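None of the figures in this text is laboratory data; all of them are computed from the coordinates on show. Source: prediction; values computed, not measured. Don't worry about glycine lacking a Cβ; one is built from the backbone with ideal geometry, like all the others, and counts go over all protein chains shown.
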Amino acid sequence: MTPVKRLLLCASLLLPVIVAAAPQPPEITPTELPGAETLVYRESPGPMRLFVVKPAGWKATDQRPALMFFFGGGWTTGTPKNSIFWAKFAASLGMVGIAPDYRTKGRNDVSPLGSVADSRAALRWVQDHAEELGLDPARIVVGGNSAGGHVALWTGITATPPGSDPGEAPRLKPAALILFSTVSDTTAERGYTPKRFGVDALALSPLDQLDARMPPVLAFHGDADKTVPLGQATALRDKLLATGNSCELHIVPGGGHNFGNDVPEWREKSRELIIAFLKKQGLVEGGTR
């Protein structure tokens, strides 16, 4: 073999091997989850479910506080499998835990307008069925992470956004909001993925549609979040405080979008802060995590 051929052979061995990514199987919409009761909050355009975890000693005559938590996934991916943990966490504190489903681009081919509409309809249904669920409709906390935080925020805003049915608007505001790495701004000028919202980018931006009075907010955001910049969380906090509302923002040093993976100690720390926040709001007395 000539020196030139030998050189070419060695160079070829150093080239990266390109392997085609395996196609991802489609997400399956769960119809049941272990430890939870499945209920349908809307029949059309297809069954929309929520998964309820009841605390020990629950009775239908109870008027328990509740926590409804929405999964994230950029309004494109995700299912209640990703949020059922929080429903079980709530039940461990004596609350009724609820993990609702909502339509996404990947499973239902809808825009974020459909996701927002479903979040508001889910809360309205729970409020309307509070008696059979054994909960107090005035003491429902709503939470979510990322896009789930965006739809959670919309359960606390009175105005009916584009794509939503006024008849499915929540009867009451949530007792509080718990937000993780949340999208709060979708405007064309400064927001997250405004093209997804098209002409409704401003109308679907919670930061720009907040009521004068909002529920108390507990928020967490990593300062190294490259998906949803920390500036979204600080802008939301600053606007809430400037209008006389309550917002407790915890910034996670070194935390990315899923800061619990980057800074594992914040998994436990965030739960402790949630319990303290719920106690401060008079929603729980304690818990057995």
Practice task
Please give the helix 265-280 orientation as an angle from the longest Cα principal axis of the chain, in degrees from 0 to 90, rounded to the nearest 10.
Solution key: 20 degrees
Problem - Normalised contact order of the chain, rounded percent, pairs of Cα under 8 Å and 6 or more residues apart - result: 14 percent
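As a test of understanding, state the convex hull volume per residue of the chain from its alpha carbons, in Å³. Mind showing how you got there, number by number?
Working: hull volume 50.3 nm³, N = 289.
For the chain, the hull spanned by Cα atoms encloses 174 Å³ per residue.
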Handout entry: Under 15 Å from the E27 label point (7 Å along Cα→beta-carbon), backbone N, the stretch 145-173
Key = 145-152
Exercise for the section: Please work out the Cα center distance from the stretch 174-218 to the stretch 71-117, rounded to the nearest Å. Expected result: 17 Å
Exercise for the section: With unit charges on the beta carbon (Lys/Arg positive, Asp/Glu negative), name the residue among P25, S44, A66 whose Cα is farthest towards the positive pole of the charge dipole of the stretch 24-70. Expected result: A66
Fill in the blank from the handout: Hull volume per residue for the stretch 18-161, using the convex hull of the C-alpha atoms, in Å³ is 119 Å³
Handout entry: Positive-end extreme of charge dipole, the chain - chosen from H257, I274, L123 (charges on Cβ)
Key = H257
Practice task
Work out how far the C-alpha atoms of the stretch 148-235 reach from end to end along every principal axis, then list the three figures in whole Å, largest first.
Solution key: 39, 30, 21
Problem - HN-Hα J in Hz across the stretch 183-197 - Karplus 6.51, -1.76, 1.60, θ = phi - 60°, x for Gly and Pro - result: 7, 10, 9, 10, 5, 4, 6, 9, x, 8, 6, x, 4, 5, 9
Problem - Choice from K279, K54, K173 showing the highest fluctuation, given a GNM over the chain with Cα pairs closer than 10 Å - result: K279
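Take every DSSP beta bridge whose two residues both sit in the chain, then give the antiparallel share in percent to the nearest 5. Don't skip to the end; give the middle numbers.
Numbers: 9 of 33 bridges.
Antiparallel bridges: around 25 percent, rounded to the nearest 5.
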